[in-house]
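A.B. asks: Structure incoming, see below.
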Amino acid sequence: MKVFFRKIFGVFPGESKNIMSFVKLGIIWAIGSCIAETLALGQFTQKIGAAMLPNTYMITSFAMIIVSCLYMYFLRFTSPYKIMITTMWIAAIVYSLISIILLTDPPRMFWFFLQIFSYSFSSALTACFWIFIDQYHDLQDAKRVYALYNSAYFLGFIISGFLIYYLLKYIGYAPLYILVVITMIYSILKAKKISKTVPAMEDDGVEGIFASGKKNMQSIFKEFINSKFSIALVATSLIVRFLLTTTQCNYVSSLEKVFSNDLINDKILLTAFLGKCKAYISIGNIIIGLFFYRNIVRRIGLGNLILLPPIYFMSLYSNWMMIDSLMLAIFAVIAVEGILYTLEDNNFNLLIKASPAKLKNPLRIINDSFFEPIGMLFSSIILMFLKSDNKHFGFILSVFFIIFSLVIRYLYPKSIFTSLKQNEVHFDKKTKDWINKFSKKEKKETIKDLFISLKSKDESIKLLALKTLLELKDKSLLSKILSKVNKESINYKIKALNLFENSIFSQERDVLEVIKFWMTFEKDKRILSKSTLYLAKKGLLHPDEIKHYLSSKDLNLRASAIISLKHSIYNREISTEIENKKLAKKEIDLLFEYDNIDEICTGLDILNHDDTDEAVDMVVEYLTFDNLKVQRKSSFALSQITDEADRKHSFKILDAIKNISDVFIRINLLQALGNIRDYRTVEDIIIFSKLFRPSEKREVEKTILKMGAKSISVLITIIKDVKLNNRSKILAAKILGKLSIKQLRDIIPEIIDTEIKRANFYFYFGNKLKMLYPLYELPLLRNELLAAYRSVIDFILHLLGSASPIEDVSLVIKALHSKNAKNQAHAIETLEKNITAKIYKKISNLIEAIPLEYKLEDAKKILENPNLTLSELLDFLEESTSSFDKIISMHLKAKLKMPQWRESIKEKIKKSNESLNQYAYELLES
């Protein structure tokens with residue numbers, strides 16, 4: 001029976017106790033809040049009169065705005081839990097005093113205070129409650145159980161109505177206010193117990209390694225302005241408040257006409273009729289929240305569900321503008337009391353999870369304690385002027401409601417992914433990327449700190465500060481930078497030259513003048529050598545002026561003379577240019593004549609400015625030279641001088657990539673292949689990429705993307721090849737998704753079903769191994785099965801993600817495997833919103849955060865034979881395309897002395913590759 005109810009309510013095993021704690025808290029505070037609000041309204045109407053309510057609402061609006069500002073301020077320093085219990089303590093104290101004052105004859109102003117405080121307290125506590133429970137639930141939890149908590153509120157509302165109806169005439173007002181105090185104290189104790197016993201969700205939001213961390217109002221406002229989704233959400237919330245007030249006004253007006261008609265025989269009072277409608281609707285709200293909302297979200301998705309309320313209002317007002325009837329008035333009551341309070345409120349509770357982490361709590365406060373009174377205030381003023389055109393105004397609001405809902409629907413998946421990115425430390429980001437995210441004030445302070453760092457005694461810190469300042473690409477800083485560098489040591493200036501050479505300021509007039517000054521007036525030969533080479537590379541030295549350096553022992557000066565002979569801007573006469581190039585060619589050949597490493601490296605440095613076929617031929621030969629420094633220089637030169645005319649060298653370069661493991665060399669050679677654009681190398685590059693580092697894989701992507709459409713057919717073949725490793729196929733899918741997403745989507749259906757079956761197979765047997773085979777200790781097999789499952793599921797997700805609008809599939813998959821539940825929930829939501837519903841349904845049991853027993857039940861349904869013997873399981877692994885699967889299978893067959901294990905391994909030797917055969921022979925000999 002427990003299992004039945006758990007499944008109906010969407011409660012997983014082991015969390016019933018915690019969820020019931022939140023439900024009890026919701027019911028109890030709702031009882032107290034609704035009793036207080038209802039009693040206050042009744043007493044105000046009785047003592048002061050309904051005519052003064054508009055004035056009270058106006059004052060209440062300003063009071064709630066002040067309260068929301070206070071909450072926003074205190075959220076900077078304290079937790080939502082402390083704010084909530086402080087609010088409850090204040091309420092308990094105030095209502096205790098009210099119950100005492102009621103025993104006397106209160107003054108007129110007391111009733112104003114009571115009405116204003118009760119309404120403000122109710123709205124504030126609603127915001128506090130949702131902020132509090134947000135700490136304990138991720139987005140996927142919220143989709144399951146938030147409707148349950150919303151139903152708890154409606155249940156409390158109904159109970160409060162019954163308590164007032166049956167107790168008020170017997171015990172009076174003061175004891176009921178004491179009951180409110182009791183509910184507040186109980187809620188405080190319950191909240192304290194929850195905070196101690198229920199673990200809060202870890203929130204790994206990353207502000208950035210350079211961020212100041214000050215959560216001030218300015219930073220919150222900046223975050224809000226930069227979040228289109230948050231702006232749309234708040235705008236929609238404001239429209240809903242306008243629409244709520246307008247619709248209430250309209251249905252009350254319609255009902256007054258109906259009940260003032262003499263033809264109506266039933267003399268039911270309007271108030272009684274409204275009370276009856278609201279009672280039935282509240283019951284309907286509870287039923288929808290408990291049994292239907294979760295399943296509706298799951299079946300049609302939150303993105304589609306958010307369109308239901310605006311469509312309902314649009315349909316209502318489309319008819320209401322033409323016909324005024326009792327039925328339409330009832331539909332309007334349902335719209336306000338049911339659609340808005342059940343669907344729209346629940347939708348908002350889920351949508352707010354997609355807002356930036358810094359904004360989630362402030363948006364709750366803004367919505368419940370700021371925009372509600374603002375909406376109430378301004379809509380009342382507008383309705384006072386419109387009078388008879390209320391229904392047309394309601395229709396216009398409905399149009400805006402549906403427009404903003406469509407905007408939210410469009411922005412929601414992007415906002416989820418953006419929120420996911422904010423929770424990730426991007427180590428691949430450069431310093432300038434972090435600084436560019438700062439506000440003007442923060443950026444100014446950072447630049448000031450960088451200039452201070454230029455005075456550091458640690459040279460590495462000074463060089464890092466200089467590099468960062470140059471990367472900012474701010475020309476206004478250049479003169480100050482040069483002034484600082486000019487005062488430094490020779491060693492520092494030499495290293496600074498390299499930084500200037502690689503910056504956008506390399507040919508700026510001010511930079512060149514400083515370098516010419518160093519070359520002319522600095523006495524140190526090293527700075528002369530480096531400065532001369534710098535200017536020669538820019539073609540700014542006359543060959544005749546430095547030709548004498550051809551005989552210099554300083555290789556930098558010698559290189560400067562050769563480069564000037566070939567590339568100086570002063571080589572204007574054709575005959576002179578030809579003579580200079582002949583001389584340069586002769587000098588370059590002399591550098592390569594002997595196996596002097598320094599001379600060869602200098603020669604290669606010179607050739608990286610020469611894109612002739614002869615230069616490329618010479619550089620390629622040095623890729624196999626037995627010296628890492630030479631290989632590095634050669635690879636860098638190839639990355640600079642190769643083009644499509646050098647296809648004859650493609651496979652030589654490819655062999656070098658396979659044989660040299662140095663990351664600098666590999667990346668340069670991949671860049672060279674990208675320049676050559678030889679699509680014949682695609683297959684080898686992709687297959688070998690399984691051994692590449694992440695930075696090398698990123699370069700592979702750039703390389704193959706340069707090759708363009710000719711590589712598409714090769715990539716498709718790779719993805720379809722069941723014998724290839726998943727890592728290579730993942731990279732191929734990522735590249736194909738960027739080259740031709742349509743063709744990638746076309747091949748997915750024929751691949752995905754097989755891979756999903758494989759994933760379920762590995763997952764099921766990996767987790768059921770001990771239960772299925774209790775007589776064996778098989779930790780190695782279990783680890784292998786689960787590793788294989790993760791490999792297959794990663795391939796599936798990369799394949800689907802690459803064919804979707806997801807910006808960074810790897811980030812989503814990393815978040816999916818993280819231990820942070822909130823990151824996992826955002827990753828799941830990102831996948832759900834960006835891949836087709838049909839395919840997502842097939843993989844949902846494998847990726848969603850549901851109990852293991854549920855996942856195993858679903859996996860078992862998919863498997864053809866979930867009761868394999870251990871021998872059959874090992875046979876299956878032996879036929880796998882994974883070499884590791886085969887090794888594990890052979891190893892366990894030998895270890896467990898399975899029947900005919902030797903014959904099985906001998907048979908496998910006939911079909912396997914050399915590396916696998918070697919291990920098989922070792923097993924047979926053992």
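A.B. asks: Taking the alpha-carbon centroid of each part, what is the distance from the stretch 474-540 to the stretch 159-177 in angstrom?
C.D. replies: So the two Cα centres are separated by 86 Å.
A.B. asks: By a straight-distance test (C-alpha under 18 Å), which lysines pair with Lys770 as possible cross-link partners, with residues fewer than eight away in the same chain excluded?
C.D. replies: Within the straight-line limit of under 18 Å, Lys770 reaches these lysines: Lys855, Lys860, Lys893, Lys895.
A.B. asks: First select every other residue whose beta carbon is under 9 angstrom from the beta carbon of Glu829; then total the charges, Lys and Arg +1, Asp and Glu -1.
C.D. replies: Around Glu829, the charge tally is +2.
A.B. asks: Treating only the Cβ of Lys, Arg, Asp and Glu as charged (+1, +1, -1, -1), what charge dipole size does the stretch 77-186 show about its Cα centre? Round to the nearest 20 debye.
C.D. replies: Dipole about the Cα centre, nearest 20: 140 debye.
A.B. asks: Roughly how tilted is helix 741-772, in degrees to the nearest 10 and between 0 and 90, from the longest Cα axis of the chain?
C.D. replies: Its long axis makes an angle of about 80 degrees.
A.B. asks: What's the center-to-center distance, using Cα atoms, between the stretch 578-631 and the stretch 293-350 in Å?
C.D. replies: Computed from Cα coordinates, the inter-centre distance equals 76 Å.
A.B. asks: Please work out the average accessible area per residue across the chain, using the 1.4 Å probe convention, and give it in Å².
C.D. replies: Averaged over the residues of the chain, the accessible area is 49 Å².
A.B. asks: Provide Trp901, Trp89 ordered by accessible surface of protein heavy atoms (probe 1.4 Å), highest first.
C.D. replies: Putting Trp901, Trp89 in descending order of accessible area: Trp89, Trp901.
A.B. asks: Further question: Separation of the stretch 37-112 and the stretch 723-780 by C-alpha centroid, Å?
C.D. replies: 59
A.B. asks: Report the net charge of residues surrounding Ile676, where surrounding means a beta-carbon distance below 15 angstrom and charges are Lys +1, Arg +1, Asp -1, Glu -1.
C.D. replies: Taking every other residue near Ile676 into account, the sum is -2.
A.B. asks: Further, regarding this structure: In Å, what Rg and Dmax follow from the Cα atoms of the chain?
C.D. replies: Cα-based Rg and Dmax for the chain come out at 36.8, 119 Å.
A.B. asks: Of Lys538/Lys586; Lys658/Lys757; Lys547/Lys582; Lys475/Lys538, which pairs sit farther than 25 Å apart, going by alpha carbon to alpha carbon?
C.D. replies: Flagged as over cut-off: Lys658/Lys757.
A.B. asks: Order the following by accessible area, largest value first: His826, His392. Probe radius 1.4 Å; ligands, DNA and RNA are ignored.
C.D. replies: Heavy-atom accessible area, descending, gives His392, His826.
A.B. asks: Output the relative contact order of the chain, whole-number percent, from Cα pairs under 8 angstrom with separation of 6+ residues.
C.D. replies: For the chain, the relative contact order is 10 percent.
A.B. asks: For every helix of n ≥ 4 consecutive DSSP H residues, a contribution of -39,500 (n - 2.57) applies; sum these over the chain, divide by its total residues, and give [θ] at 222 nm rounded to the nearest 500 deg cm²/dmol.
C.D. replies: So the helix-based figure for the chain works out to -24000 deg cm²/dmol.
A.B. asks: Considering only protein heavy atoms and a 1.4 Å probe, what is the carbon-and-sulfur percentage of the accessible area of the chain?
C.D. replies: After summing per-atom areas, the C and S share lands at 59 percent.
A.B. asks: Compute the longest continuous run of the chain that contains no exposed GluC sites (Glu not before Pro); treat a site as exposed when its DSSP state is not H, G, I, E or B and it has at most 12 other Cβ atoms within 10 Å.
C.D. replies: 203-572
A.B. asks: Nearest 20 debye, what's the magnitude of the dipole of the chain about its Cα centre given +1 on Lys and Arg Cβ and -1 on Asp and Glu Cβ?
C.D. replies: 1840
The values are calculated or read from the model by the stated rules, or taken from the named source; none is laboratory data. Just so we're clear, the structure is a prediction, and the values are computed from it rather than from any experiment. All Cβ positions, glycine included, derive from the backbone under ideal geometry; neighbour counts span all protein chains shown. Protein only, heavy atoms only, side chains kept; ligands, DNA and RNA dropped before computing areas. Shrake-Rupley method; radii C 1.70, N 1.55, O 1.52, S 1.80 Å.
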